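Chemist: I am attaching a structure below and will ask some questions about it afterwards.
The values are calculated or read from the model by the stated rules, or taken from the named source; none is laboratory data. The structure displayed is predicted, hence computed values, not measured ones. A quick note on method: Cβ atoms are made from the backbone with ideal geometry, for glycine too, and the neighbour counts reach across all protein chains shown.
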Amino acid sequence: MPELPEVETVVRGLRASLPGRAILEVRLGKTDFIDDPAALQEHLPGRRVTEVTRNGKFICIRLGSGSQPSLQPDGAQAARASNLHFIIHLGMTGQLTLSRSSDPVVPHTHCFFILDDGRELRYTDIRRFGRILLVPEPLMAEFIGHLGEEPLQIGAEEFCRGFGLRRARVKALLLDQRVLRGVGNIYADESLFRARLHPARIAQRLTRKQLMTLHRSVREILTAAIRLRGSSISDYVDADGNRGEFQLRHRVYQREGKPCVRCGEKIRRAIVAGRSSFFCPHCQPAPRGLKRKKHLEPQMITDKH
């Protein structure tokens, strides 16, 4: 699933060329992942892109008011008079790319947003686990309010307070979008490896030094991944259709059985809080209660242990 670095890379690509462009037409194929398909076709044509931002794993395209409100019926005129936020979540296999109208259409392309410069913003999604919706400007604060802190902006003290009071597994907290917005399985595992913390450690039992190290590790890993334009594990490409390179720098993620780059111990996989977690058993020692389960491969670790 595209995580913060992948979404940020797509946003930066769109930000370079979308603002100022107007949407002329919306063509839709399959729509089971769109909250209100009719609303897209009614409210997007005639609007101009004013800004492209990211909130967690959500791509947020801000659209100005409709270009011809005087020609609309009273109700539609009021609706078009306010700004809208065009929100896209890429799910597991979603791709949002800018294409020329003459470019071949790849399979599973479900949405075409025709722009005034002749290009098309296309949404492709094999599994259709993504989500597309419109959020009026007055409701945007409420929408964002359900998300946790931005991991590249949260300060060390706030991070330590938020994690240090929780009895949950540290891996589960990193994945909880109500705690941190945008971190997923790849970057949680890579951050925990850099911080030398086992994914099943209870956050409340970590020392302040360990929490500070984890905070720094999360920021360093995400920053490095953005610099290399994300990780292309499966379907992810950026707004221009190019793959990322950070998968070449993974130290533990999907490296089960391979030697640790630090110590040579074989990387192991465990199920922590319902998710596959990759770690080095030497560099990331397990909590005492789990050490006697070392013979299980993979381990099942839940919050009952």
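Chemist: Quick check on Arg255: is it outside the structural domain of Val10 (by TED's automatic domain parsing), among the charged types (D, E, K, R), modelled with pLDDT of 95 or more and not in a helix (DSSP H, G or I)? Before you say what the answer is, go through the steps one by one.
Modeler: Details: outside the structural domain of Val10 (by TED's automatic domain parsing): yes; among the charged types (D, E, K, R): yes; modelled with pLDDT of 95 or more: yes; not in a helix (DSSP H, G or I): yes.
Yes, satisfied.
Chemist: Please return the ranges of strands (runs of 3 or more DSSP E) entirely within segment 1-105 where 1 or more residues are at pLDDT 95 or above, closer than 30 Å to Ser191 by Cα and not β-branched (Val, Ile, Thr).
Modeler: Values: elements: 23-28, 49-55, 58-63, 84-89, 94-100.
Answer list for segment 1-105: 49-55, 58-63, 84-89, 94-100.
Chemist: Let me ask you something else. Here are some conditions: (1) part of a helix (DSSP H, G or I); (2) under 26 Å from His89 (Cα atoms). Phe193 meets all but one. Which one does it not meet?
Modeler: (2)
Chemist: Exactly one condition in (1) in contact with a helix residue (DSSP H, G or I) (Cβ under 7 Å, 6 or more places away or on another chain); (2) surrounded by 19 or more Cβ atoms within 10 Å (Cβ to Cβ); (3) without any contact (Cβ under 8 Å) to a residue 60 or more places away in the chain; (4) not aromatic (Phe, Trp, Tyr) is false for His215; which is it?
Modeler: (3)
Chemist: What number of residues within segment 189-209 are touching a strand residue (DSSP E or B) at 6+ places or on another chain (Cβ under 8 Å) and either within 26 Å of Ile226 (Cα to Cα) or surrounded by fewer than 20 Cβ atoms within 10 Å (Cβ to Cβ) (or both)? Break it down stepwise before answering.
Modeler: Our first condition is that a residue be touching a strand residue (DSSP E or B) at 6+ places or on another chain (Cβ under 8 Å); within segment 189-209, this holds for 189, 192-193, 198-203.
Applying the additional criterion that residues be either within 26 Å of Ile226 (Cα to Cα) or surrounded by fewer than 20 Cβ atoms within 10 Å (Cβ to Cβ) (or both) yields 189, 192-193, 198-199, 202.
Going through segment 189-209 one residue at a time, the tally reaches 6.
Chemist: With on the phi > 0 side of the Ramachandran plot, touching a helix residue (DSSP H, G or I) at 6+ places or on another chain (Cβ under 8 Å) and either of a type in the set (Ser, Thr, Tyr) or in contact (Cβ under 8 Å) with a residue 12 or more places away in the chain (or both) as the only criterion, which of Arg229, Arg251 stands out? Show your work before the answer.
Modeler: Numbers: Arg251 fails: on the phi > 0 side of the Ramachandran plot.
Going through Arg229, Arg251 in turn, the sole match is Arg229.
Chemist: Assuming Arg15 fulfils every condition listed in (1) closer than 28 Å to Tyr253 by Cβ; (2) touching a residue at least 40 places away in the same chain (Cβ under 8 Å) apart from one, which condition is it?
Modeler: Only one criterion in (1) closer than 28 Å to Tyr253 by Cβ; (2) touching a residue at least 40 places away in the same chain (Cβ under 8 Å) is unmet by Arg15, namely (2).
Chemist: Let me ask something else. Scan segment 251-259 and give yes if some residue there is touching a His at 6+ places or on another chain (Cβ under 8 Å), of a type outside the set (Phe, Trp, Tyr) and more than 21 Å from His89 (Cα to Cα), otherwise no.
Modeler: Within segment 251-259, not a single residue is touching a His at 6+ places or on another chain (Cβ under 8 Å), of a type outside the set (Phe, Trp, Tyr) and more than 21 Å from His89 (Cα to Cα).
Chemist: Of all residues in segment 106-151, which are loosely packed, with under 15 Cβ neighbours inside 10 Å, hydrophobic (A, V, I, L, M, F, W, C) and touching a residue at least 24 places away in the same chain (Cβ under 8 Å)?
Modeler: If the condition is that a residue be loosely packed, with under 15 Cβ neighbours inside 10 Å, hydrophobic (A, V, I, L, M, F, W, C) and touching a residue at least 24 places away in the same chain (Cβ under 8 Å), then Phe129 is the only one that fits.
Chemist: Looking for something polar (S, T, N, Q), under 21 Å from Ala195 (Cα atoms) and modelled with pLDDT of 85 or more - is there at least one such residue anywhere in segment 237-250? Steps first, answer last, please.
Modeler: Filtering segment 237-250 down to residues polar (S, T, N, Q) leaves 242, 247.
Adding the requirement that they be under 21 Å from Ala195 (Cα atoms) leaves 247.
The next check asks that each one be modelled with pLDDT of 85 or more; those that pass are 247.
Yes, because at least one residue in segment 237-250 is polar (S, T, N, Q), under 21 Å from Ala195 (Cα atoms) and modelled with pLDDT of 85 or more.
Chemist: Turning to a different aspect of this structure: What is the residue count in segment 236-277 for residues that are surrounded by 21 or more Cβ atoms within 10 Å (Cβ to Cβ), over 17 Å from the mean Cα position of the chain (by Cα) and more than 19 Å from Val183 (Cβ to Cβ)?
Modeler: Residues flagged as surrounded by 21 or more Cβ atoms within 10 Å (Cβ to Cβ), over 17 Å from the mean Cα position of the chain (by Cα) and more than 19 Å from Val183 (Cβ to Cβ) within segment 236-277 amount to 2.
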